[in-house]
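This report refers to the structure that appears directly beneath it.
Where a number appears in this text, it was derived from the coordinates with a stated rule and is not lab data. Not measured: the values here are computed from a predicted model. Because the Cβ atoms are built from the backbone with ideal geometry, glycine has one as well, and the counts that use them run over all protein chains shown.
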Amino acid sequence: MRRAYLLVAALVLMGIPAAANEPQAGTIVSESSVACGSKVKNKKETAELLCQEYVVRTQTTEYHIRQEKHAGQELIPVNTSIEFTLAKDKMKFTANGKKYEYLVVSETAIATPKP
C-alpha cells in the first residue's frame, strides 16, 4: 500500500514541470506604473524610470508581472485576453500580435466562492 502512495506521488510530481510549460489562458485586469530604476540626466540630477506592472488573472491564480527594465514598450490594454507560458520567474505571452516577456513579481491564489 505504501508503494502505491509513493508511485502516485512520484507521478504527480513528474507532471508538474510539464504542466508549467502548457499555455494557460488569462486576462490582464489592471496596469500601474512602478519605479524600476533611475537614469542620470546630468551630473547633479537623476530621473526615476517607470515600468509597467500588470495583473494577469486566471481562474485560480492572480499574477503580478513587471518589465525587467525600462523599455519603450507600448501599453497593453486592460481586459486583453492572453495565452501565456511560465518559465522559472518569467511569463511569456503574445498580445496584439507582439511577443512579450515579463518578470513574475508575485502570485496569489484566488479564493473560490463557497457554494
Among the aspartates and glutamates, which fall within straight-line cross-link reach of K98, defined as a Cα-Cα distance under 18 Å, with same-chain neighbours fewer than 8 residues apart omitted? E31, E53, E68, E74, E83
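Can you give the alpha-carbon Rg of the stretch 50-115 over 2.2 N^0.38 Å, where N counts its residues? Don't skip to the end; give the middle numbers.
Details: Rg = 12.6 Å, N = 66, 2.2 N^0.38 = 10.8 Å.
Working it through for the stretch 50-115, the quotient is 1.17.
Neighbouring Cβ atoms within 10 Å as the yardstick, rank L50, L75 fewest first.
Working: L50 14, L75 9.
Ranked by crowding around the Cβ, least crowded first: L75, L50.
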